[in-house]
Amino acid sequence: MTERLSTETRKTVLQPLFNSGWEMDKNRDAIHKTFKFADFADAFGWMTRVAIWAEKWDHHPEWSNVYNKVTVTLITHDVDGLSTLDAKLARKMDGLFQPKKD
Ligand SMILES: C[C@H](O)[C@H](O)[C@H]1CNC2=NC(N)=NC(=O)C2=N1
């Protein structure tokens, strides 16, 4: 059964994500981040790779794409807040992300 993250767990689980650019949502118990890619193909390729994991884990992002940017919000709808699944998917997203070369 999925549960909301406890206050104690938040400190250890969320801090590394804040360090990598994730932020708390202002209005909901959720985290969000915008990923910027070289172009649309890179952005959509990443979304496709993430989608495979999301489907495998039955945990799905709220996200939108405009050209080379993907804006992501993670929340566990079943508990109306953050659970370990959001942290797991966030780490996977970061792991699959290759920053845009300048
Ligand atoms: C029935 C199905 O398992 C649920 O609706 C899953 C699907 N994907 C989900 N994704 C997210 N982000 N939160 C959920 O609570 C959720 N629930």
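Observations on the model:
- Residues satisfying the stated conditions in segment 69-80, i.e. more than 10 Å from the ligand (Cβ to nearest atom) and open to solvent by less than 20 Å² (accessible area, probe 1.4 Å): VAL70, VAL72
- Checking THR2, THR12 one by one, the residue that is open to solvent by 20 Å² or more (accessible area, probe 1.4 Å) and within 16 Å of the ligand (Cβ to nearest atom) is THR2 and no other.
- Candidates in segment 1-39 are the residues that are touching a residue at least 40 places away in the same chain (Cβ under 8 Å) and aliphatic (A, V, I, L, M); of these, the one that is nearest to ARG91 (Cα to Cα) is LEU17.
- Going through (1) outside any strand (DSSP E or B); (2) without any contact (Cβ under 8 Å) to a residue 24 or more places away in the chain; (3) within 11 Å of the ligand (Cβ to nearest atom) one by one, ALA51 falls short only on (3).
- Unmet requirement for PRO99, which otherwise passes all of (1) surrounded by 15 or more Cβ atoms within 10 Å (Cβ to Cβ); (2) part of a loop (DSSP other than H, G, I, E, B): (1)
- Scan of segment 4-29 for residues that are within 15 Å of the chain's Cα centre (by Cα) and farther than 17 Å from THR76 by Cβ, ordered by number: GLN15, PRO16, PHE18, ASN19, SER20, GLY21, GLU23
- Scope segment 33-59; condition open to solvent by less than 80 Å² (accessible area, probe 1.4 Å) and closer than 18 Å to ASP78 by Cα; matching residues: ALA54, TRP57, HIS59
- Selection status of ASP94, in contact with a Phe, Trp or Tyr (Cβ under 9 Å, 6 or more places away or on another chain), away from the ligand (no atom under 16 Å from the Cβ) and under 18 Å from GLN15 (Cβ atoms): yes
The values are calculated or read from the model by the stated rules, or taken from the named source; none is laboratory data. Computed from a predicted structure; not experimentally measured. Methodologically, a virtual Cβ is constructed for each residue, glycine included, from the backbone with ideal geometry; neighbour enumeration extends over all protein chains shown. Side chains included, ligands, DNA and RNA excluded: accessible areas come from the protein's heavy atoms. Shrake-Rupley method; radii C 1.70, N 1.55, O 1.52, S 1.80 Å.
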